[in-house]
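The structure appears below as structure tokens.
The values are calculated or read from the model by the stated rules, or taken from the named source; none is laboratory data. Owing to the predicted nature of the structure, the values given are computational and were not obtained by experimental measurement. Positions of Cβ are backbone-derived with ideal geometry, glycine not excepted, and every protein chain shown enters the neighbour counts.
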There are 2 protein chains.
Amino acid sequence: MTALERYDLPVSAIPKRWYNVLPDLPRGLDDYLHPVTREPVGQEFMERLLPKALVAQETSTDRWIAIPEEVRAAYRLWRPTPLYRATALERHLDTPAEIYFKYEGSSPSGSHKLNSALAQAYYAGLEGVDRLVTDTGAGQWGSALSMACSLFGIKALVYMVRASFQSKPYRRHLMETFGQQVLPSPGPHTDFGRALLADTPDHPGSEATAVSEALETVRLNAGDRFSMGAFANHVLLHQTVIGLETREQLEEIGKQPDFLVASVGCGSNLGGFVFPFVGDKLAGAQIGILAAEPAACPTLTAGEYRYDFADAGGLGPMTRTYTLGHEFVPPPIHSGGLRYHGAAPLVGLARHEGLLDARAYAQKEVFEAGTLFARLHGLLPAPETAHTVRATIELAEECRRQRRRAVIVFCYSGHGLLDLGAYGSFNAGEMADTEPYECTLAAGDPALAGLTGR
Amino acid sequence: MTALERYDLPVSAIPKRWYNVLPDLPRGLDDYLHPVTREPVGQEFMERLLPKALVAQETSTDRWIAIPEEVRAAYRLWRPTPLYRATALERHLDTPAEIYFKYEGSSPSGSHKLNSALAQAYYAGLEGVDRLVTDTGAGQWGSALSMACSLFGIKALVYMVRASFQSKPYRRHLMETFGQQVLPSPGPHTDFGRALLADTPDHPGSEATAVSEALETVRLNAGDRFSMGAFANHVLLHQTVIGLETREQLEEIGKQPDFLVASVGCGSNLGGFVFPFVGDKLAGAQIGILAAEPAACPTLTAGEYRYDFADAGGLGPMTRTYTLGHEFVPPPIHSGGLRYHGAAPLVGLARHEGLLDARAYAQKEVFEAGTLFARLHGLLPAPETAHTVRATIELAEECRRQRRRAVIVFCYSGHGLLDLGAYGSFNAGEMADTEPYECTLAAGDPALAGLTGR
């Protein structure tokens, strides 16, 4: 029984530079607009919001940005991560396709989120920031930032979506064990939170309300800076360690990817995983890029490409990307990390330019895929990652029908050990399904033509 | 900031043989006795209980036993595991000691338990066993065996201590996601369980009741075999991959261990970690071996060395080892993996022969140590592992007082992501402490003399 093969890189192969996709895209990003004036935001506005080094990265057009040695040293805790070949899944699907996956679940915080959290905590510490203030949904990002701030000796304040704060105490306990502060959103600590609660005392909160409370807190405390777990260019930049390592691992085993698959909430694991291959693609390599998203929050498959706010209260900059509207409140699915109304602007631009395509999946088919994968490979995917597995299975089945020996590589963004309540509900047959999906947008990536499936 | 250093081995360095300590110990184990006749058990009795290959390993006096290629292939999922140097902890303690730890937390089941589970599931599958039946406390072992049985395509039935079954559903969900059956113990499915419940309807169960129910089930079903997560020689044998890798990693960086530290419930992580060093020790190397156990269940520090049963109902063989009595019901501490009345016979013998020493720790000091470690290193230890961290800190502090540049190596047996309820209770100041510990036994290991501490 060889359920899978593993391809490692030595510690010395941890990337020395992050890859910035911006200069390689067919066109640049539209300006971020000031929430009040609707004029392009200036450096001063951004530097009040974020550590200066991150503002510089946010707008940089340098293709390569050096990773500080201190951040690389922290990456050594678990990086480079393994690339696996999922031979048991291939056999189970009886597909001629080869299926590989990049495993980010060995991160001590449980997901890829730590790749950016460590960088952000490092720069914040270097610039004498007192405290990083952030939002979290199910808690993956909040856990990663709490851990990173603990390692670099600074404080973190995490606004956690109230529904998760109450129903999923484990990740809150984790953040508090790292010595950090966690508050429910909406809550009584900000004007924005108080106003929401006055209107709706049992408001469940959303990522967008938590962002607004974090932004308000930062505005009122000179030593605070805001921290994002996705969306911003600099976050996707930090995540490119995933794709850079994957690219090297595939080269070492002499494989060219035909398809890259990742789930998308905002797009931090997707962007980090696929952007390092975009240069190859623009140079003519036939690489189909597929984003898997929940039918309950189908940003890339049903959203509009337009200017919108990233937060419910409209306190932060406006950006142009795919959005379901900043007041959209997704239904309470179990993939907390995918419940966000907008795509990262870089991911939105890539979709708009036809560099990637997206499919949306209903909740039960996602948990079926996650369960199958766990039984075959002994690795329990986070619900977010289970979307990726679902999309990969769909591609592999299409390859079987077409007798195509494609190389499919997917990003295993995180493990599901803190999502076992959701699997328990699925096992017990108590999980509500989401509506079947209908794509309202034109297909994006031509490299996926002929593999439409639905 | 270099909080730690990591020392990896290539996949090719996964051990090809397990190390059997038995032929190297100063004397052999006392016979296992039949529960009724009190005569040494025969092969037939054992082979009705366990897969034949495991019976052969249980009594083997071969120093080296080949690891089947299929098991090594499964180990590739995450092995070899890293050895880390905990430089941040050294700095925090201001100790001249060097502190290293072998990290078993990257196992997909979350702990070292998978090392034996994969071997047991492999042999069971090879011999056509229908189903492995086992007991689990908090669920670490049950999770590992469920996963392993899923990978090797056989069934598992897990009797889970009722208190954990009801209060800690996450690991139960995990086992069920792997397609395996989990029943509370005591429960209505066995005579033994029904009798206990008739007497005490709200009986919380213990490992020892779950073992009895598993043994009764196996006796009644010809295709079933019993599976143990600790205690037996063959389990400790499988776990020696931990120590064998550690030994190679230390050799590669030119370090000789002065102290080895591991927690002990039954002794599977302890035995697997330290036994490969016992030969060095018997050949004259000054290596102190310290077992850390809970004050609430102080088997090696306050137990008696005598014949006893491994299960509450007295259905299995009797063995000679340290025991608190097979009817001992430990108080409900959070380290479920350490709540067992007896030590593995090999660990008991090693303690009896002065090859290792033990210290017991109260619950709060253990969680303090676990929290400190998490903040310094970003890794959240399981409560069992937090005992090891506590003992390591005590040794390192003694080294500071004695200005001794010792090399301390501990076994990080598993992560605490499924134990966050316990950390939450600790964070909230709601954790009950256990009684301070008083050792009633003479010190064991002379290599620990002068480092008594308490």
Report summary line: Reported set for region B:239-266 where residues are surrounded by 24 or more Cβ atoms within 10 Å (Cβ to Cβ), among the small types (G, A, S) and modelled with pLDDT of 95 or more is B:G243, B:A262, B:S263
Report task. Identify the residue in region B:144-165 that is more than 13 Å from chain A (Cβ to nearest Cβ) and free of Cβ contacts under 8 Å to residues at least 60 places away in the same chain and, among all such residues, is surrounded by the most Cβ atoms within 10 Å (Cβ to Cβ). Result -> B:Y159
Report task. Would you point out the residue of region A:91-105, among those that are of a type outside the set (D, E, K, R) and under 16 Å from A:L260 (Cβ atoms), that is farthest from the other protein chains (Cβ to nearest Cβ)? Result -> A:A97
Query raised in the report: What residue, among those in region B:183-214 that are surrounded by fewer than 24 Cβ atoms within 10 Å (Cβ to Cβ), within 30 Å of B:G416 (Cα to Cα) and modelled with pLDDT of 95 or more, is farthest from the chain's Cα centre (by Cα)?
Result: B:G187
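Would you mind finding the one in B:P184, B:P204, B:P188 that is away from chain A (no Cβ under 14 Å), touching a Lys or Arg at 6+ places or on another chain (Cβ under 8 Å), farther than 21 Å from B:R131 by Cβ and not polar (S, T, N, Q)?
Working: B:P184 fails: farther than 21 Å from B:R131 by Cβ; B:P188 fails: farther than 21 Å from B:R131 by Cβ.
Result: B:P204 is the single residue among B:P184, B:P204, B:P188 that is away from chain A (no Cβ under 14 Å), touching a Lys or Arg at 6+ places or on another chain (Cβ under 8 Å), farther than 21 Å from B:R131 by Cβ and not polar (S, T, N, Q).
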Query raised in the report: Could you list, in sequence order, the residues of region B:74-90 that are part of a helix (DSSP H, G or I) and within 12 Å of chain A (Cβ to nearest Cβ)?
Result: B:A74, B:Y75, B:T87, B:A88
Query raised in the report: Does region A:45-52 include one or more residues that are under 17 Å from A:I242 (Cβ atoms) and either within 14 Å of another protein chain (Cβ to nearest Cβ) or more than 21 Å from the chain's Cα centre (by Cα) (or both)?
Result: no
Query raised in the report: If you go through region A:132-143 one residue at a time, do you hit one that is within 12 Å of another protein chain (Cβ to nearest Cβ), modelled with pLDDT of 95 or more and surrounded by 24 or more Cβ atoms within 10 Å (Cβ to Cβ)?
Result: yes
Query raised in the report: Among helices (runs of 4 or more DSSP H) lying entirely in region A:337-454, which contain 1 or more residues that are within 15 Å of the chain's Cα centre (by Cα), more than 14 Å from chain B (Cβ to nearest Cβ) and crowded, with 23+ Cβ neighbours inside 10 Å?
Result: A:345-352, A:383-402
Report summary line: Being of a type outside the set (S, T, N, Q), within 19 Å of the chain's Cα centre (by Cα) and on the phi > 0 side of the Ramachandran plot narrows B:G267, B:G284, B:G254 down to just B:G267
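Collect the residues in region A:361-372 that are touching a residue at least 60 places away in the same chain (Cβ under 8 Å) and under 22 Å from A:R339 (Cβ atoms), keeping them in residue-number order. First the steps, then the outcome.
Keep residues of region A:361-372 that are touching a residue at least 60 places away in the same chain (Cβ under 8 Å), which gives A:361-364, A:366-367, A:372.
Result: A:Y361, A:A362, A:Q363, A:K364, A:V366, A:F367.
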Query raised in the report: So A:T321 fits all but one of (1) at pLDDT below 85; (2) under 19 Å from A:D30 (Cβ atoms); (3) hydroxyl-bearing (S, T, Y); what number is the exception?
Result: (1)
**Report entry** Residue that is surrounded by fewer than 24 Cβ atoms within 10 Å (Cβ to Cβ), closer than 19 Å to A:W78 by Cβ, within 14 Å of chain B (Cβ to nearest Cβ) and not polar (S, T, N, Q), where the choices are A:P169, A:P108
**Finding:** A:P108
Query - Selection count where residues are more than 14 Å from every other protein chain (Cβ to nearest Cβ), exposed (fewer than 15 other Cβ atoms within 10 Å of the Cβ) and under 24 Å from A:P82 (Cβ atoms), scope region A:11-41 - result: 2
Requested in this report: Output yes when any residue across region A:79-102 is among the basic types (K, R), touching a helix residue (DSSP H, G or I) at 6+ places or on another chain (Cβ under 8 Å) and closer than 22 Å to B:D8 by Cα, and no when none is.
Outcome: yes
Report summary line: Of (1) modelled with pLDDT of 95 or more; (2) over 18 Å from B:M228 (Cβ atoms); (3) in contact with a strand residue (DSSP E or B) (Cβ under 7 Å, 6 or more places away or on another chain), B:R72 fails just (3)
Query raised in the report: Taking A:D8 and the conditions (1) within 30 Å of A:G313 (Cβ to Cβ); (2) within 14 Å of chain B (Cβ to nearest Cβ), which numbered condition does it fall short on, given that it satisfies the others?
Result: (1)
Report summary line: In the set A:V55, A:V129, the lone residue that is in a loop (DSSP other than H, G, I, E, B) and of a type in the set (V, I, T) is A:V129
Query raised in the report: How about region B:91-110: which of its residues are touching a Ser or Thr at 6+ places or on another chain (Cβ under 7 Å) and in a strand (DSSP E or B)?
Result: B:I99, B:K102, B:Y103
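Mind checking which strands (runs of 3 or more DSSP E) fall wholly inside region A:248-318 and carry at least 2 residues that are hydroxyl-bearing (S, T, Y)?
By residue number, A:304-309.
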